[in-house]
Amino acid sequence: MKRKTWIITGVAVLAFGGVLSLFEDEPDKATAEPKSSATTKAKPAERPNPKPSKPTGIPSPDAAQTATLIRALRAVDPGLAAKEDRAVGRARNVCLDLKGGKDTATVQNNAKARFEGGTVPSLTDDQAASIVTAVKTSFCD
């Protein structure tokens with residue numbers, strides 16, 4: 001009796017696997033036959049993207065705006081712009097807060113938290129306000 005159960009179970013598994021194979025999206029690439037070049041459409045040349053794309057919705061400064069931003073951040077504290085790419089990224093997030101309609105105190109507290117640490121262990125509230133002003137006047141209007 002047990003042997004009969006095993007055989008029925010095995011047949012059921014094979015049948016179920018066959019049904020599932022009907023729903024596959026595409027055949028295995030290793031075993032699929034290549035299409036002839038006459039039946040395939042020519043694709044435009046694809047360019048590799050060496051850098052990941054920036055998150056959408058966050059304004060990004062151009063070269064001149066970046067220079068203005070970095071100068072303004074250095075005026076607040078030279079350590080704020082020690083790593084310019086990082087400073088721009090943090091400034092973009094401050095801009096996102098501004099564009100998101102957050103209140104002034106929240107924007108300043110977030111800016112302070114983003115820019116503190118590393119080369120600038122602590123910032124005053126006035127420095128945080130100056131950072132927000134630098135972001136607004138350089139690229140986030």
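Every read-out reported here was derived from the displayed coordinates using simple, explicitly stated rules and does not represent laboratory data. In this text the structure is predicted, and so the values were computed from the model without any measurement. Note: ideal-geometry Cβ built from the backbone for every residue, glycine included; neighbour counts use all protein chains shown.
Tabulated data for the structure shown
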{"read-out": "Förster radius 25 Å - calculated FRET efficiency between ALA75 and SER122 (Cβ-Cβ, nearest 0.05)", "value": "0.90"}
{"read-out": "Cβ charges +1 (Lys, Arg) and -1 (Asp, Glu), total dipole of the range 82-138, debye", "value": "220 debye"}
{"read-out": "Zone of THR68's modelled label, taken as backbone nitrogen in the range 105-141 under 14 Å from a point 7 Å along Cα→Cβ", "value": "133-141"}
{"read-out": "Cα-Cα pairs of the range 82-138 separated by more than 16 Å (percent)", "value": "34 percent"}
{"read-out": "Selected from THR133, GLY118, LEU98, residue furthest toward positive end of dipole (the range 82-138; charges at beta carbon)", "value": "LEU98"}
